[in-house]
Amino acid sequence: MGDPRLRTARPDDAPAVVALRAVVHPYLVRGVESTRRMIAQPPAGEDWTAFVAEVDGHLAGWASAYRNIRTSETGVGEVSLLHVHPEHRWRGIGTALLDASLDHLRSLGVRRVRAWALPDGLPFARRHGFTPSREVRYSALDLRPAPPAPATPPGVRLRPVADVDPRRMYRAEVTAAADEPGDVPSDAVSYDVWRHDVWENVGLDRAASTAAEVDGEIVVFSLVIRDGDRMWSDMTATVPQYRGRGLARLVKATALRRAAELGVRVAYTSNDEGNAPMLAVNTRLGYRPVAAQWSCLRELS
């Protein structure tokens, strides 16, 4: 077995990146074309980059690093989804990928870094100066059959997001996500960044993704990211004044049923363990936990 070789990721790495992710994180959903676009056309302002490790011409590891532009805190960066194929661990690949990612963030003036670790990766994170902060639960739901949707209350109109003006969706997300739990304060991104990240995501299934409208305003939505017969609930959120009415479960159940009708067989999602309302919604829909990750923080000198 040859020595690992580290280099910057290229768009044509996308199929191998997706194959690696399927081994290490089988509950994550991002298809080849979505991954290719992420590498080729990252959002403006993030200074996003990614690194891969090759062994004998085969991709054995991946990590991405970028400036966090979704927070009001300055100087925050992310190392996202550093992972190494199980057959190539304990060879220094993870450390090399992390070092390259941190060097990139230092060049951007980042002072505080968030990364993510599986439970068995926490010792690695601690050795490299990271402190575990918050747990995120990953859950799966078999859509054979999809869960039934509750009755739609009077005055509520359910619409596929394909029929909704994207600026209205953007306003709803900005309002609904303002108090999303996490260890880095969140702030709204510009409409252009949101459109690039969310609306123009090549995996976004606008026919299955569902919004609820009341008095002409979008008050709840559930977005479906699809790759073949697998889907990811990218975000389900309710604007504050409409919470506690069961609308999130209604809209998410409707999105799941629409996805199932379009051929999706299994749905995945994630939630911060501090997000009790959404965890309760997912439990009622029948989701079961399949994995966990920890957000980990480090000051960067």
Task: Search result, residues across segment 188-211 that are touching a Gly at 6+ places or on another chain (Cβ under 8 Å) and part of a helix (DSSP H, G or I) - done: Val193
TODO: Test each condition in (1) on the phi < 0 side of the Ramachandran plot; (2) small (Gly, Ala, Ser); (3) free of Cβ contacts under 8 Å to residues at least 40 places away in the same chain for Gly57 and report the one that comes out false.
DONE: (1)
Task: Matching residues in segment 51-100 - criterion: being crowded, with 22+ Cβ neighbours inside 10 Å, under 16 Å from Leu20 (Cβ atoms) and among the hydroxyl-bearing types (Ser, Thr, Tyr) - done: Ser64
- [ ] Mind listing whichever residues of segment 7-23 are buried (at least 16 other Cβ atoms within 10 Å of the Cβ) and under 16 Å from Leu97 (Cβ atoms)?
- [x] Ala9, Asp13, Ala16, Val17, Leu20, Arg21
- [ ] List every residue pair whose Cβ atoms sit under 6 Å apart, with the two residues 6 or more apart in sequence or on different chains, where the first one lies in segment 139-168 and is assigned to a helix (DSSP H, G or I) and the second, anywhere, is surrounded by 12 or more Cβ atoms within 10 Å (Cβ to Cβ).
- [x] Val161/Arg206; Val161/Ser209; Val161/Ala211; Ala162/Arg206; Ala162/Ala207; Pro166/Trp199; Arg168/Ile218
TODO: Considering (1) in contact with a helix residue (DSSP H, G or I) (Cβ under 9 Å, 6 or more places away or on another chain); (2) without any contact (Cβ under 8 Å) to a residue 24 or more places away in the chain, say which one Ala207 fails and leave the rest.
DONE: (2)
- [ ] Working only within segment 182-224, note down all residues that are on the phi > 0 side of the Ramachandran plot and of a type in the set (Ser, Thr, Tyr).
- [x] none
TODO: Check whether at least one residue in segment 163-177 is touching a Phe, Trp or Tyr at 6+ places or on another chain (Cβ under 9 Å), loosely packed, with under 14 Cβ neighbours inside 10 Å and assigned by TED's automatic domain parsing to the domain that holds Arg206, and report yes or no.
DONE: yes
Open item on the list: What's the total number of residues in segment 30-74 that are more than 19 Å from the chain's Cα centre (by Cα) and either of a type in the set (D, E, K, R) or under 22 Å from Trp194 (Cβ atoms) (or both)?
Closed with: 5
- [ ] Would you mind listing the strands (runs of 3 or more DSSP E) fully within segment 212-301 where at least 3 residues are buried (at least 21 other Cβ atoms within 10 Å of the Cβ) and among the hydroxyl-bearing types (Ser, Thr, Tyr)?
- [x] 230-238
Task: Members of segment 138-181 found to be in contact with an Asp or Glu (Cβ under 6 Å, 6 or more places away or on another chain) and within 29 Å of Trp116 (Cβ to Cβ), listed by number - done: Pro181
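For every residue, the table says whether it meets (1) under 17 Å from the mean Cα position of the chain (by Cα); (2) within 30 Å of Phe51 (Cα to Cα); (3) modelled with pLDDT of 95 or more; (4) hydrophobic (A, V, I, L, M, F, W, C).
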position	(1), (2), (3), (4)
Leu97	no, yes, yes, yes
Gly129	no, yes, yes, no
Pro132	no, yes, yes, no
Val136	yes, yes, yes, yes
Ala149	no, no, no, yes
Pro153	no, no, yes, no
Leu158	no, no, yes, yes
Pro181	yes, yes, no, no
Val184	yes, yes, no, yes
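The values are calculated or read from the model by the stated rules, or taken from the named source; none is laboratory data. Here the structure is a predicted model, which is why all the values come from computation and not from measurement. Glycine also receives a Cβ, built like all others from the backbone with ideal geometry; neighbour counts cover every protein chain displayed.
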